[in-house]
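Enquirer: The structure that follows is given in the form of structure tokens.
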Amino acid sequence: MLLKKVYIKGFRNFKEATCNFEEHSLIIGANDVGKTNLIHALRLLLDKGISDYDAELNESDFYAYEDTNEVVIRAYFENVTEGCVTARLGEYISDEGKLVIQYTAKLNAGKVEYQYHIGRSDAPEDLLLKENAFYRKYLNLKYIGSRRDFWSYINKTKSLLLTQTKADRDAATIATDDTLYADIEDKLKYVDEHIPELSYVKNATDQINAELNKLSIHNQEQKIVFDTSNTNIDRVISTVSLASKHDEKKMLIGGEGRINQIYLSLWASQNQQADISNEVSIICVEEPEAYLHPHQQRELAAYLGRTLNGQTILTSHSPFIVSEFSPNSIIRLYKDKEEGNSTQVASDGCSEVIKKGFEDFGYRMSVIPAEAFFADFAVLVEGPSELTFYKTLAKKIDINLDRLNISVLDVAGVGFDVYIAILDALCIDWAMRTDNDVMKIPYHDGYRYAGIERGLDRLEYSFNLEDELQKRIEGLKKKIHGFDRDNEPLETKTAAKELIKMLDDYNIFIAVDDLENDMLNSPLRDSLKKFYDEKSVMTDAEIVEKMKEHKAINMYDYLKKHKDSLALLKDDALALPLVRAKERIEEQYGSY
């Protein structure tokens with residue numbers, strides 16, 4: 001069976017949202033955007049650990065940005081065929097294997113009343129009122145929070161883990177264990193009998209008994225002794241503790257990352273060995289990457305996917321975790337100022353729309369685009385030299401990319417389509433800058449403004465344009481395609497300029513020529529000539545040609561010596577992608 005989607009209305013920072021899930025789903029988003037709140041909504045429905053007291057919401061649990069007195073949380077299940085569920089809940093499951101569970105809470109005069117419903121669909125006549133969440137015994141959620149108390153968990157669960165592994169032994173193993181058990185028991189009796197014979201132990205008990213005799217004449221026939229109680233072998237086994245060993249030498253278990261790995265491994269092991277024949281559980285883990293370095297983060301994500309039984313839901317802040325997930329299994333949460341700062345779910349969660357955007361990336365993603373998923377704005381540039389330039393430029397014109405949650409991404413040539421499709425699907429704002437390429441049309445004598453056409457493709461794909469503007473664009477596009485390069489018509493030049501201005505309004509920036517020429521014709525001219533042409537013998541074309549040789553290396557070397565010159569570009573067109581990104585973020589979240 002599969003938890004297919006959840007509908008939330010009026011709960012905490014969710015005004016109204018629908019979130020689709022897959023068998024393995026990953027929830028991402030900025031701090032305080034509502035990842036834990038989404039999980040808590042699921043827990044209200046499905047977590048056996050949620051008590052009646054916890055299920056009774058506080059006023060602060062109702063939607064924060066408008067007056068509301070009702071919370072609705074509804075879970076939709078599909079392919080419900082497991083016998084342990086159909087045997088107990090069959091009357092509520094549709095012929096198509098669908099099941100709906102609903103939690104509602106109403107606030108009236110400061111008092112909160114809540115109810116549970118279950119049924120074949122979300123139609124009011126199908127959702128039946130129940131006194132409690134009785135279904136959790138057969139259908140539930142197992143939850144690991146982001147704040148994990150390792151030792152408390154071990155002490156609470158080790159007996160269960162030992163009991164489970166003990167029950168899984170075969171007859172031969174049991175016979176071997178019984179022999180070893182008897183041997184240990186004999187040795188423990190020996191220990192218990194001889195420890196009191198140690199002189200300092202015996203002297204200590206003699207002193208205690210002497211002092212007791214001074215206090216009272218009663219019970220003098222009873223003697224106080226130190227009793228190790230080790231003869232109870234079961235008690236000894238129940239008090240075992242985890243330790244780390246190397247070459248039979250005990251060591252500290254390790255740092256927080258290692259402890260986190262042990263915690264999750266034990267939890268996964270317990271989940272594997274538990275008798276699940278009587279229930280179906282959805283596994284939810286918040287921030288599994290805590291304290292782990294990148295390689296271990298990736299391996300942990302893969303491990304949990306392989307190990308945990310059934311449907312799993314993770315939350316994470318790690319691009320390394322993201323890179324291990326199937327594209328259509330990613331759920332991005334974000335706040336929308338136009339919707340009163342309520343939390344929205346990009347593309348309604350796990351979606352084929354997102355999957356389509358990733359098709360050219362293959363099944364997995366690299367860490368570089370994964371990082372952008374956590375951004376509120378992405379600036380797309382053509383290559384590594386542009387990437388280095390714009391990241392350095394941001395620092396020199398006082399635009400703090402990390403504080404503003406802006407990513408600058410290299411699209412590896414002109415691969416804007418793939419990146420923008422992803423960003424659009426995840427509702428991440430973007431700007432792009434591309435060269436003003438003019439290219440010959442294959443098998444044709446004419447030329448075309450390829451850079452402008454590239455920008456127009458993105459404009460028409462990503463924005464709903466008014467009919468009048470669309471018609472104007474179509475007319476102008478014809479004038480920039482198929483012209484004579486050696487005798488370019490005035491109407492072609494005019495159309496190109498008008499289209500560039502239109503694209504600028506949508507944060508699609510077309511270079512005057514390319515990055516190198518635009519830099520040379522900017523306030524950076526003097527520093528560039530000093531770096532490339534100390535003897536002042538090179539033409540502009542020669543300097544540009546030199547800049548384009550080993551572009552990324554040359555850019556790095558130039559910036560290493562002249563990065564402070566980039567402050568001159570604060571009001572230059574070259575800085576516009578960064579400036580627009582900053583303005584958009586401040587429009588959404590306010591200025592510092």
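Enquirer: Taking residue 78 as meeting all but one of (1) under 26 Å from the mean Cα position of the chain (by Cα); (2) without any contact (Cβ under 8 Å) to a residue 40 or more places away in the chain, write down the number of the exception.
Expert: (2)
Enquirer: May I pose another question? Just to be sure I understand the filter: pairs with C-beta atoms under 7 Å, separated by 6 or more residues or on different chains, first member in segment 490-514 and under 16 Å from residue 463 (Cβ atoms) and assigned to a loop (DSSP other than H, G, I, E, B), second member charged (D, E, K, R) and open to solvent by 50 Å² or more (accessible area, probe 1.4 Å). Which pairs pass?
Expert: From segment 490-514, the pairs are 507/580.
Enquirer: Out of segment 115-141, which residues are open to solvent by 60 Å² or more (accessible area, probe 1.4 Å), closer than 25 Å to residue 284 by Cα and of a type in the set (A, V, I, L, M, F, W, C)?
Expert: Listed by number, the list holds a single entry, 134.
Enquirer: When you look at residue 58, is it surrounded by fewer than 20 Cβ atoms within 10 Å (Cβ to Cβ), in contact (Cβ under 8 Å) with a residue 40 or more places away in the chain and over 30 Å from residue 325 (Cα atoms), yes or no?
Expert: On the way: surrounded by fewer than 20 Cβ atoms within 10 Å (Cβ to Cβ): yes; in contact (Cβ under 8 Å) with a residue 40 or more places away in the chain: yes; over 30 Å from residue 325 (Cα atoms): yes.
Yes: the conditions hold for residue 58.
Enquirer: Looking at the structure I just gave you, is residue 71 closer than 21 Å to residue 128 by Cβ, under 29 Å from the mean Cα position of the chain (by Cα) and part of a loop (DSSP other than H, G, I, E, B)?
Expert: Considered against the rule, which asks whether it is closer than 21 Å to residue 128 by Cβ, under 29 Å from the mean Cα position of the chain (by Cα) and part of a loop (DSSP other than H, G, I, E, B), residue 71 comes out as no.
Enquirer: Sticking with this structure for a sec: Tell me the strands (runs of 3 or more DSSP E) entirely within segment 395-479 that contain at least 3 residues that are closer than 29 Å to residue 519 by Cα and in contact with a Phe, Trp or Tyr (Cβ under 7 Å, 6 or more places away or on another chain). Before the answer, list the steps.
Expert: Details: elements: 406-410, 429-434, 438-440, 447-449.
Answer list for segment 395-479: 406-410, 429-434, 438-440.
Enquirer: If I go through segment 313-341 residue by residue, how many of them are crowded, with 21+ Cβ neighbours inside 10 Å and in a strand (DSSP E or B)?
Expert: 7
Enquirer: Answer yes if at least one residue in segment 50-70 is within 18 Å of residue 5 (Cα to Cα) and touching a Gly at 6+ places or on another chain (Cβ under 6 Å), and no otherwise.
Expert: No: segment 50-70 contains no residue that is within 18 Å of residue 5 (Cα to Cα) and touching a Gly at 6+ places or on another chain (Cβ under 6 Å).
Enquirer: For residue 585, are the conditions met, namely being in a helix (DSSP H, G or I), in contact (Cβ under 8 Å) with a residue 40 or more places away in the chain and open to solvent by less than 50 Å² (accessible area, probe 1.4 Å)?
Expert: In short, yes.
Enquirer: Identify all residues within segment 61-82 that are within 25 Å of residue 22 (Cα to Cα) and surrounded by fewer than 11 Cβ atoms within 10 Å (Cβ to Cβ); write none if there are none.
Expert: Residues of segment 61-82 within 25 Å of residue 22 (Cα to Cα): 71-82.
The one that is within 25 Å of residue 22 (Cα to Cα) and surrounded by fewer than 11 Cβ atoms within 10 Å (Cβ to Cβ): 81.
Enquirer: Further, regarding this structure: Hey, among the residues in segment 97-114 that are in contact with a strand residue (DSSP E or B) (Cβ under 8 Å, 6 or more places away or on another chain) and open to solvent by 80 Å² or more (accessible area, probe 1.4 Å), which one's farthest from residue 8 (Cα to Cα)?
Expert: Here is the first cut: in segment 97-114, the ones in contact with a strand residue (DSSP E or B) (Cβ under 8 Å, 6 or more places away or on another chain) are 97-107, 112-114.
Those still in the list that are open to solvent by 80 Å² or more (accessible area, probe 1.4 Å) too: 98, 106, 113.
Values: 98: 19, 106: 14, 113: 17 Å.
If we take residues in segment 97-114 being in contact with a strand residue (DSSP E or B) (Cβ under 8 Å, 6 or more places away or on another chain) and open to solvent by 80 Å² or more (accessible area, probe 1.4 Å), then 98 is farthest from residue 8 (Cα to Cα).
Enquirer: Would you confirm, using the coordinates I've provided, whether residue 446 is in contact with a strand residue (DSSP E or B) (Cβ under 9 Å, 6 or more places away or on another chain), within 23 Å of residue 379 (Cβ to Cβ) and of a type outside the set (Ser, Thr, Tyr)?
Expert: no
Enquirer: Only one of (1) surrounded by fewer than 17 Cβ atoms within 10 Å (Cβ to Cβ); (2) over 40 Å from the mean Cα position of the chain (by Cα); (3) of a type in the set (A, V, I, L, M, F, W, C) is not met by residue 512, so which one is it?
Expert: Going through (1) surrounded by fewer than 17 Cβ atoms within 10 Å (Cβ to Cβ); (2) over 40 Å from the mean Cα position of the chain (by Cα); (3) of a type in the set (A, V, I, L, M, F, W, C) one by one, residue 512 breaks only (2).
Enquirer: Has segment 213-220 got any residue that is surrounded by 14 or more Cβ atoms within 10 Å (Cβ to Cβ) and modelled with pLDDT under 75?
Expert: Our first condition is that a residue be surrounded by 14 or more Cβ atoms within 10 Å (Cβ to Cβ); within segment 213-220, this holds for none.
Scanning segment 213-220 turns up no residue that is surrounded by 14 or more Cβ atoms within 10 Å (Cβ to Cβ) and modelled with pLDDT under 75.
Enquirer: Additional query: Can you tell me which residue is farthest from the chain's Cα centre (by Cα) among those in segment 99-137 that are under 17 Å from residue 44 (Cα atoms) and among the acidic types (Asp, Glu)?
Expert: It comes out as 131.
Enquirer: Is it true that residue 38 is surrounded by 15 or more Cβ atoms within 10 Å (Cβ to Cβ), touching a residue at least 60 places away in the same chain (Cβ under 8 Å), of a type in the set (A, V, I, L, M) and under 30 Å from residue 585 (Cα atoms)?
Expert: The answer is yes for residue 38.
Enquirer: In this structure, is residue 552 touching a residue at least 12 places away in the same chain (Cβ under 8 Å), at negative phi, hydrophobic (A, V, I, L, M, F, W, C) and surrounded by fewer than 17 Cβ atoms within 10 Å (Cβ to Cβ)?
Expert: Considered against the rule, which asks whether it is touching a residue at least 12 places away in the same chain (Cβ under 8 Å), at negative phi, hydrophobic (A, V, I, L, M, F, W, C) and surrounded by fewer than 17 Cβ atoms within 10 Å (Cβ to Cβ), residue 552 comes out as yes.
Enquirer: Can you confirm whether segment 460-476 contains a residue that is among the small types (Gly, Ala, Ser), surrounded by 14 or more Cβ atoms within 10 Å (Cβ to Cβ) and under 20 Å from residue 580 (Cα atoms)?
Expert: Our first condition is that a residue be among the small types (Gly, Ala, Ser); within segment 460-476, this holds for 462, 475.
Next cut, surrounded by 14 or more Cβ atoms within 10 Å (Cβ to Cβ) only: 462.
Subset that is under 20 Å from residue 580 (Cα atoms): 462.
Yes, that holds for at least one residue.
Enquirer: Just checking, how many residues over segment 110-161 are modelled with pLDDT of 65 or more, in contact with a helix residue (DSSP H, G or I) (Cβ under 8 Å, 6 or more places away or on another chain), hydrophobic (A, V, I, L, M, F, W, C) and assigned to a helix (DSSP H, G or I)?
Expert: 2
The values are calculated or read from the model by the stated rules, or taken from the named source; none is laboratory data. Nothing here was measured: the structure is a model prediction, and the numbers come from that model. Neighbour counts run over all protein chains shown; Cβ positions are idealised from the backbone, glycine included. Just the protein is used for accessible areas: all its heavy atoms, side chains included, with ligands, DNA and RNA removed. Shrake-Rupley method; radii C 1.70, N 1.55, O 1.52, S 1.80 Å.
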